[in-house]
Amino acid sequence: MIPFMTNHDFVVAIPARYAASRLPGKPLRLIGGDPMVLHVARRALAAGAREVWVATDDARIAEALNGSGVQVAMTSADHQSGTDRLAECARIAGWADDTIVVNLQGDEPFAPADGIACVARTVADSGAGIATLAAPIDDIEILLDPNAVKVVLAANGDALYFSRAPVPWPRDAFARDRTAMPQGRWLRHIGIYGYRVSALRAFAALSPGTLERTESLEQLRALEAGWRIAVALAPSPFPPGVDTPEDLARAERTCQDERNRT
């Protein structure tokens, strides 16, 4: 474990589904000669996780992780979300209810280790069953982009709401000009979550609510049910994930740049 990153015991689970419409076989696509899912797992190990699991429905992904020190949970192919797959992984792994598990997406090969540790620490320190991260927005295009999810916080650091819209709405500034970044504080949600396993199981059992169906944001299911989601500022930037062939080419260049620096 890396003491300066976290003093809390936690595990990481990485949902990795072979089928992907824009990049089939995405977890096994090579970056610097290694499968993408292995890069993600190494980031989790660097963060100090005591266990790293990959939750997958495909034997090819499991085979690619042989000898890596990463454990594999073979999960159902019928899951509708990564959270459902994570809940099955928790059952297979036999984690206790108070275990802290970080859900790290399988297409984040450059996720910063300190961010992974931070979300685990936020679960432990906040007392909330769920935690996530956010980063300041300083670009008007990101503020207006519906693919960039925004989060509004309460004074205690818990999430009040997540939205694809630019919330809070800067009424006076936008009445004058919607092409310039208004003064104020806006936060972009970063899609990494930490859970107590008891909260993860309960969350996976909840039915989607009206807010989730309206915005297509799974985390709104918890807020609509009255749950707390603690939010911390990410200590380091999270680079974009890999969803397309163009993203994969960018990731290959990033990997080569990192190797050249070391």
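The values are calculated or read from the model by the stated rules, or taken from the named source; none is laboratory data. Here the structure is a predicted model, which means the values were calculated and not measured. Every residue, glycine as well, gets a Cβ built from its backbone with ideal geometry; the counts of neighbours run over all protein chains shown. Note: accessible area is taken over every heavy atom of the protein model, side chains too, but ligands, DNA and RNA are not part of it. Shrake-Rupley method; radii C 1.70, N 1.55, O 1.52, S 1.80 Å.
Points to keep in mind about this one:
- Within segment 209-230, residues that are part of a strand (DSSP E or B) sit with their Cβ atoms under 9 Å from residues that are hydrophobic (A, V, I, L, M, F, W, C) and open to solvent by 20 Å² or more (accessible area, probe 1.4 Å), at 6+ positions apart or across chains, in these pairs: I229/L223.
- Residue check for N7: modelled with pLDDT of 90 or more, surrounded by fewer than 17 Cβ atoms within 10 Å (Cβ to Cβ) and part of a loop (DSSP other than H, G, I, E, B): no
- Number of positions in segment 126-164 that are touching a residue at least 12 places away in the same chain (Cβ under 8 Å), surrounded by 14 or more Cβ atoms within 10 Å (Cβ to Cβ), among the charged types (D, E, K, R) and part of a loop (DSSP other than H, G, I, E, B): 1
- In segment 63-79 there is no residue that is more than 30 Å from Q183 (Cβ to Cβ), of a type outside the set (G, A, S) and touching a Ser or Thr at 6+ places or on another chain (Cβ under 6 Å).
- Scanning segment 41-63 for residues that are closer than 17 Å to R85 by Cα, in contact (Cβ under 8 Å) with a residue 24 or more places away in the chain and among the aliphatic types (A, V, I, L, M) turns up A41, V52, V54, A55, I61.
- Residue match in segment 184-202 (condition: assigned to a loop (DSSP other than H, G, I, E, B) and open to solvent by 20 Å² or more (accessible area, probe 1.4 Å)): yes
- Some residue of segment 219-232 being exposed (fewer than 13 other Cβ atoms within 10 Å of the Cβ) and β-branched (V, I, T): no
- When R178, R259, R196, R188 are checked against the criterion of being touching a residue at least 12 places away in the same chain (Cβ under 8 Å), farther than 30 Å from A93 by Cβ and under 16 Å from the mean Cα position of the chain (by Cα), a single residue qualifies: R188.
- Residue match in segment 165-183 (condition: buried (at least 18 other Cβ atoms within 10 Å of the Cβ) and not in a loop (DSSP other than H, G, I, E, B)): no
- Test for R50: is it farther than 26 Å from F203 by Cβ and among the charged types (D, E, K, R): no
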